[in-house]
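A.B. asks: Mind looking over this structure? Questions follow.
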Amino acid sequence: MSFVRRASVHLSSRSLRTSFAFLAAMIVAPAHGADLNADTKADVVWRNTSTGANQVWFMNGTSIGSQSALATMADLPYRIAGQGDHNGDGKTDILWRHAGNGDVYLWQMNGASIATEGSLGSIADQSWRIVGSADHTGDGHADILWHHATTGAVKVWVVNNGAFVASEDIGTIADTAWQIAGQGD
């Protein structure tokens, strides 16, 4: 059985221009990844897991526009767990999770500088994993999506202006073969 269909598409030059303009508008902002300087180009964040040093490449398309050292996270059990605009300023913030005590720590970024930082709370049970950072509530601030590896429970930590507001249970998929593969709007 074949599911392949052949189709002919007839486009006028006007509809083709409109389609390209629409596609260009869609790819202006990075869909996933860091944009620490709000230039609408995805940047690359690096972490040295041996020293705790961090660095950013401010990208200009596929070229490095400039690079800069970020602050060092010397407490090595902290791992970058997510990135999103948690305070609504248009710049990607860096979300950390401590592999030992479960602390969740947020760096609200302004380019390569930390504008504000602090703990959002903790979940000591390491079976809870941060699987995403996106605006689930529609308020313009990234929230934190969690998944429990053994129970399949899913929850969202609502974050507003860089501060924890509430924890909302979403549901459970008990079959742990199911993993969250992405999120988006």
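Just so it is clear, none of the values below were taken in a lab; they were calculated from the coordinates. Treat the numbers as computed from the prediction; the structure is a model and nothing was measured. Ideal geometry is used to build each Cβ from the backbone, glycine not excepted, and the neighbour counts take in all protein chains shown.
A.B. asks: If the only charges are +1 at each Lys and Arg Cβ and -1 at each Asp and Glu Cβ, what is the size of the charge dipole of segment 95-185 around the Cα centre, to the nearest 20 debye?
C.D. replies: 220 debye
A.B. asks: Each residue of segment 149-156 in turn: what ³J(HN,Hα) in whole Hz from Karplus with 6.51, -1.76, 1.60 and θ = phi - 60°, glycine and Pro shown as x?
C.D. replies: 5, 9, 9, x, 5, 10, 9, 10
A.B. asks: Shifting gears a bit: Please give the direction-averaged projected area of the C-alpha convex hull for segment 66-185, in square nanometres with one decimal. All intermediate terms of the calculation are to be shown ahead of the outcome.
C.D. replies: On the way: hull surface 31.6 nm².
For segment 66-185, averaging the hull's shadow over all directions gives 7.9 nm².
A.B. asks: Give, as a single signed number, the net charge of other residues whose beta carbon lies under 9 Å from the beta carbon of Trp146, with Lys and Arg counted +1 and Asp and Glu -1.
C.D. replies: Result for the local shell: +2.
A.B. asks: Sticking with this one: Would you give the gap between the C-alpha center of segment 28-96 and the C-alpha center of segment 140-185, rounded to a whole Å?
C.D. replies: For segment 28-96 versus segment 140-185, the Cα centre distance is 22 Å.
A.B. asks: Across bins of 5 angstrom width beginning at 0, how are the C-alpha pair distances of segment 59-129 distributed, in whole percent?
C.D. replies: That works out to 4, 15, 23, 22, 17, 10, 5, 3, 0, in percent per bin.
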